[in-house]
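Here the structure comes first, spelled out in structure tokens, and everything after it is commentary.
What follows is calculated from the coordinates using simple rules that are stated; it is not laboratory data. Note that the structure is a prediction, hence the values are computed from the model and not measured. Glycine also receives a Cβ, built like all others from the backbone with ideal geometry; neighbour counts cover every protein chain displayed.
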Ligand SMILES: Nc1ncnc2c1ncn2[C@@H]1O[C@H](COP(=O)(O)OP(=O)(O)OP(=O)(O)O)[C@@H](O)[C@H]1O
Ligand SMILES: [Mg+2]
């Protein structure tokens, strides 16, 4: 049997407030699932339950089909990397990495060899003698990853590990982490509220809302075939607009699924509006259009098209919706 990690019907309440609601999740052995969700939806709680730091009220955590529920946290062989580096400030880089192995009673020569390997792996060999206070955020996080790997974990959990770092460093670290995870075949769960990060790192991404996983899939599935209105709104950008007519149906339209043209007397069909503003985003231009019924729409067009049509603020435009989705869980806005 493969050592898949599975959460089956996990529920958890804190002081009467339900935080996780019958949550199911499977991470295949050797794969990384990213959990993407807004603040407070229960991401960290989910990781804490996997690691055994928090006990669920109901449901089971299994690895390779065997329940971990009676295994204490330090015996689960789960590596954990936190957003706040959680390195020991009085120990240097090398000692931080060694710590877990020493506690685990590993032989001295083995500890030495493994530490060298891990520091090499995360690119921190040259800094082995430094204290955490003398490292940058990115370097600290590399040490934290090495330390989490030192116990030879069966599962690696990462809770917004790059949250406090600037964009460039985040990008590099996430590329390195992905390569490392793939090479080592680590069964991993990565938590973030950054969509790019979730999509790049996860073999699949689980979108979480309000204590539940709403959908799990590849980026393309989530973007093109969202199964709930929350997923449609949370993944990428979307316009929620009310269709004309009495039944107050709300539909979701991606900004790139709208065709915009200058309005002219002979142009039939579509909806009229005014180009209120636009933002230059490099290859694309994001336009804000106010429709005659007062609704505001985001429309994305290419830089070439924007130039060709010579748009100005205040232009009268005509809008055609090419594609939309609607959801039965949407109560109307
Ligand atoms: N030990 C605790 N005691 C009481 N409430 C808690 C505890 N831990 C978490 N919560 C509550 O559970 C909810 C989910 O918290 P959690 O930390 O899992 O969210 P999160 O998705 O990780 O959010 P963020 O993105 O902000 O880190 C929150 O409302 C939080 O206040
Ligand atoms: Mg959290």
note = Heads up, the stretch 150-253 by the C-alpha gyration tensor (a ≥ b ≥ c square roots of eigenvalues; a/c under 1.5 rounded, else a/b over b/c prolate, else oblate) looks prolate
remark   = Here the relative contact order (percent) of the stretch 5-233, from C-alpha pairs under 8 Å and at least 6 apart, is 30
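Quick check on packing: order 170-179, 102-111 by the mean number of other C-beta atoms within 10 Å, highest mean leading.
Put in order of decreasing packing, that is 170-179, 102-111.
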task = Send over the per residue convex hull volume for the chain, Cα only, as a whole number of Å³.
result = 173
message = Tell me the mean residue ellipticity at 222 nm calculated for the chain from its helices only (DSSP H runs of n ≥ 4, each -39500 (n - 2.57), averaged over every residue, nearest 500).
response = -8000 deg cm²/dmol
query = In nanometres, what is the gap between the two model label sites at residue 237 and residue 103, each 7 Å from Cα along Cα-to-Cβ?
reply = 4.6
inquiry  = Tell me the angle of helix 167-184 to the major Cα principal axis of the chain, expressed in degrees between 0 and 90 and rounded to the nearest ten.
reply    = 60
message = Can you give me the distance in nm between label points at residue 328 and residue 11, each placed 7 Å from the Cα along the Cα-to-Cβ direction?
response = 2.4
Residues 135, 87, sorted so that the one with the fewest Cβ neighbours within 10 Å comes first = 135, 87
task = For the chain, find the longest principal axis of its Cα atoms and tell me its angle to the long axis of helix 108-121, 0 to 90°, nearest 10.
result = 20
message = Quick check on the chain: of the DSSP beta bridges with both residues there, what percent are antiparallel, nearest 5%?
response = 70
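Compute the length gained on full extension between residue 91 and residue 125: take 0.36 nm times their separation in residues and subtract their Cα-Cα distance, giving the result in nm to one decimal.
Details: separation 34, 0.36 × 34 = 12.24 nm, distance 1.55 nm.
So the extension gain works out to 10.7 nm.
For the stretch 238-321, which semi-axes, largest first and in whole Å, follow from the square roots of 5 times the eigenvalues of its Cα gyration tensor?
Taking √(5λ) for each eigenvalue gives 21, 15, 10 Å, largest first.
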task = Using a cut-off of under 17 Å, list every residue of the stretch 157-180 whose amide N is near the label point 7 Å from the Cα of residue 71 along the Cα-to-beta-carbon line.
result = 157-158
query = What nm distance separates the two modelled labels at residue 116 and residue 310, each placed 7 Å from Cα along Cα→Cβ?
reply = 7.1
